[in-house]
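Quick notes on the structure that follows.
The values are calculated or read from the model by the stated rules, or taken from the named source; none is laboratory data. Note that this is a predicted model, so its numbers are computed, not measured. All Cβ positions, even for glycine, are placed from backbone atoms using ideal geometry, and neighbour counts span all protein chains on display. Just so you know, the surface numbers come from the protein's heavy atoms only, side chains and all, with ligands and any DNA or RNA stripped out. Shrake-Rupley method; radii C 1.70, N 1.55, O 1.52, S 1.80 Å.
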Amino acid sequence: MSLHQITIIGSPDSWHGQALARAYQKCGIQPHFVLAEHLQATLGTKASVGGDGVVLDQMDLVMVREVPGGSLEQVIYRMDALHQLENAGVRLVNPPGAIEKMVDKYYASSLLQGAGLLTPETVVTESYSETLQAFHALGGDVVVKPLFGSRGVGMVRVQDAEIAGRVFKSLQLGGYVYYLQRFIPHFNQDIRLFMIGDECISAMTRVSENWKSNISQGAAAQAYTPSEEEIKISIQAMKAVGAVYGGIDLLRGEDGQLYVLEVNSMPAWQGLQQVTPFDIADTLVEHFS
């Protein structure tokens, strides 16, 4: 299919927005940009979705790069608007249903486990007392994560029962859901595969000086050639959440087992680009054109 009208949901000033704009411009296409918080939906005789002067119903493709956090109403509305576009026949990458699965760590993990993939032992609850019990049941060494979040922001490793009580109490006061995972020793590194469909276009290991191996948290990217097993697992993970493309985070524990941590619906590739000999944005545009 030949694409002419492209909109990127995200900021034109972001690193990824600029990379995609350059890649599309090489193909003779000037993409539009719409901020998710500027989406405007109409219903009635002329149902449509637009924003920032762009009518999204007329697009050949809408690439969803950024859906920022906000109030519950704001987030639900933004996703509803994307669903309205999809229902109107507009092609979205990733599809809104897949995005909703991937951004929710609990839901995504349950789908991955349901697909037969190994995920870290996890407890999710709203009960403070049950969380304290889970801390001990998970070995007294856990990673506490926000249910919605990325780039390692908000993750805390807790190894002391007294500190655990304080962390859990502060989360209780904020009205958060407790999401605990058993800490898996992993040599302070993990693996990121950048997948488009069933193809891994690039991969890296992220090596850190501490247990957090996110690039945004200071980890270093190293080029990596994934094994057949890692690619097979990543394909299964993609299918489990309905992703068209995504970043698969795998962790090889010191026990030798391979765990699927998450599937990223709007994966960053700035760090990965440092160890990739071709332009990843060019490859994305080539696949979605």
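Number of residues in the range 192-215 that are buried (at least 22 other Cβ atoms within 10 Å of the Cβ) and among the hydrophobic types (A, V, I, L, M, F, W, C) equals 5.
Residue pairs whose Cβ atoms lie under 9 Å apart, separated by 6 or more positions or on different chains, with the first residue in the range 265-289 and over 25 Å from GLY242 (Cα atoms) and the second of a type in the set (Phe, Trp, Tyr), are VAL275/TYR224; THR276/PHE194; THR276/TRP269.
Of (1) out of contact with any Asp or Glu (no Cβ under 9 Å at 6 or more places or on another chain); (2) part of a strand (DSSP E or B); (3) free of Cβ contacts under 8 Å to residues at least 60 places away in the same chain; (4) not small (Gly, Ala, Ser), TYR179 satisfies all except one. Which? If we test TYR179 against (1) out of contact with any Asp or Glu (no Cβ under 9 Å at 6 or more places or on another chain); (2) part of a strand (DSSP E or B); (3) free of Cβ contacts under 8 Å to residues at least 60 places away in the same chain; (4) not small (Gly, Ala, Ser), just (3) comes out false. Return a yes/no flag: does the range 71-94 have any residue that is open to solvent by 30 Å² or more (accessible area, probe 1.4 Å), part of a loop (DSSP other than H, G, I, E, B), farther than 28 Å from GLU286 by Cβ and at pLDDT below 95. Scanning the range 71-94, I find at least one residue that is open to solvent by 30 Å² or more (accessible area, probe 1.4 Å), part of a loop (DSSP other than H, G, I, E, B), farther than 28 Å from GLU286 by Cβ and at pLDDT below 95, so the answer is yes. Looking only at residues in the range 29-69 that are surrounded by fewer than 16 Cβ atoms within 10 Å (Cβ to Cβ) and of a type in the set (Ser, Thr, Tyr), the one that is farthest from LEU82 (Cα to Cα) is THR45. Looking only at residues in the range 232-289 that are β-branched (Val, Ile, Thr) and open to solvent by less than 10 Å² (accessible area, probe 1.4 Å), the one that is nearest to VAL93 (Cα to Cα) is VAL285.
Evaluated against (1) among the charged types (D, E, K, R); (2) at pLDDT 95 or above; (3) within 20 Å of LEU180 (Cα to Cα), LYS239 falls short on exactly one condition, (3).
Quick check: is even one residue across the range 95-114 more than 18 Å from PHE288 (Cα to Cα), in contact with a strand residue (DSSP E or B) (Cβ under 7 Å, 6 or more places away or on another chain) and open to solvent by 60 Å² or more (accessible area, probe 1.4 Å)? Yes, the range 95-114 has at least one match. Scanning the range 162-191 for residues that are open to solvent by 50 Å² or more (accessible area, probe 1.4 Å) and on the phi < 0 side of the Ramachandran plot yields a count of 12. Taking the stated definitions as given, is VAL90 hydrophobic (A, V, I, L, M, F, W, C) and either free of Cβ contacts under 8 Å to residues at least 24 places away in the same chain or over 30 Å from TYR178 (Cβ atoms) (or both)? Here the answer is yes, as VAL90 does meet what is asked. Within the range 44-64, the presence of at least one residue that is among the hydroxyl-bearing types (Ser, Thr, Tyr) and either within 30 Å of LYS169 (Cβ to Cβ) or assigned to a loop (DSSP other than H, G, I, E, B) (or both) is confirmed. Taken together, the residues in the range 65-94 that are more than 25 Å from GLY175 (Cα to Cα) and not charged (D, E, K, R) amount to 12. In the range 115-135, the qualifying residues are those that are hydrophobic (A, V, I, L, M, F, W, C) and open to solvent by less than 60 Å² (accessible area, probe 1.4 Å), and the one that is farthest from ILE163 (Cα to Cα) is ALA115. Figure legend. Inter-residue proximity from the range 193-211: first residues free of Cβ contacts under 8 Å to residues at least 24 places away in the same chain and among the β-branched types (Val, Ile, Thr), second residues part of a strand (DSSP E or B) and open to solvent by 20 Å² or more (accessible area, probe 1.4 Å), beta-carbon distance below 7 Å, spacing 6+ or different chains. Indicated pairs: THR205/GLN189; THR205/GLN222; VAL207/GLN189; VAL207/ALA220; VAL207/GLN222.
Once the range 136-160 is narrowed to residues that are open to solvent by 50 Å² or more (accessible area, probe 1.4 Å), among the aliphatic types (A, V, I, L, M) and not in a strand (DSSP E or B), the residue that is modelled with the lowest pLDDT is VAL153. Is at least one residue of the range 209-220 under 15 Å from GLN273 (Cα atoms) and over 16 Å from the mean Cα position of the chain (by Cα)? Yes.
Applying the criterion of being assigned to a loop (DSSP other than H, G, I, E, B) and free of Cβ contacts under 8 Å to residues at least 40 places away in the same chain to the residues of the range 5-28, the residue that is most open to solvent (accessible area, probe 1.4 Å) is ASP13.
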